[in-house]
C-alpha cells in the first residue's frame, strides 16, 4: 500500500455505507427470490390457522439452511436472505475494526472490539431474553 492510497475517514465512511447498502439490497433480492419460488410452489394452498407449527428444524441452524439453499428450497432461501441481513451490520463492525487498525486509532479499536464482543455474545449465547 503506497502513501497515496492511504485510507481516510471519508473513504472508510463510503465503504461502510456501501457495505450496508449492498448488504441490505442483496438480502432483499434473496428474500424476494425465495418468496417468488414459495408462491409459485405453494401460492394456491390454503393455510391452516387452527394450529401453530412454528419453524421446521431445517430452518433453525445455518448448516441446514445452506443445505436447503443448495436444494433450491424456497423457505431456506428466504431464511438465508434473513441471515445475510443479520450479517450485514456485523460485517460493518468488522470493517470498522479493520479501518481503525489501519488508522492506528487504538481507542476506537478497543471500543469497536467491545461492541463486536457484545454483538457476538448475544448472537451465539443461545439465551433468549
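The values are calculated or read from the model by the stated rules, or taken from the named source; none is laboratory data. Because the structure is a prediction, the values reported are computed rather than measured. Neighbour counts run over all protein chains shown; Cβ positions are idealised from the backbone, glycine included.
A single member of 129, 68 is crowded, with 17+ Cβ neighbours inside 10 Å, over 13 Å from the mean Cα position of the chain (by Cα) and modelled with pLDDT under 95, and it is 68.
Scanning the range 69-85 for residues that are part of a helix (DSSP H, G or I) and touching a residue at least 12 places away in the same chain (Cβ under 8 Å) gives 74, 75, 76, 77, 78, 79, 80, 81, 82, 83, 84, 85.
So that you can scan it fast, the table gives a plain yes or no per residue for (1) out of contact with any strand residue (DSSP E or B) (no Cβ under 8 Å at 6 or more places or on another chain); (2) modelled with pLDDT of 90 or more; (3) surrounded by 10 or more Cβ atoms within 10 Å (Cβ to Cβ); (4) under 21 Å from residue 122 (Cβ atoms):
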| residue | (1), (2), (3), (4) |
| --- | --- |
| 45 | yes, no, no, no |
| 48 | yes, no, no, no |
| 58 | yes, no, yes, no |
| 75 | yes, yes, yes, no |
| 90 | yes, yes, yes, yes |
| 94 | yes, yes, yes, yes |
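All of 20, 39, 12, 85 fail the test of being surrounded by fewer than 17 Cβ atoms within 10 Å (Cβ to Cβ) and more than 13 Å from the chain's Cα centre (by Cα), apart from 39.
The condition (being outside any helix (DSSP H, G or I) and on the phi < 0 side of the Ramachandran plot) is satisfied by just one residue among 64, 46, 27: 46.
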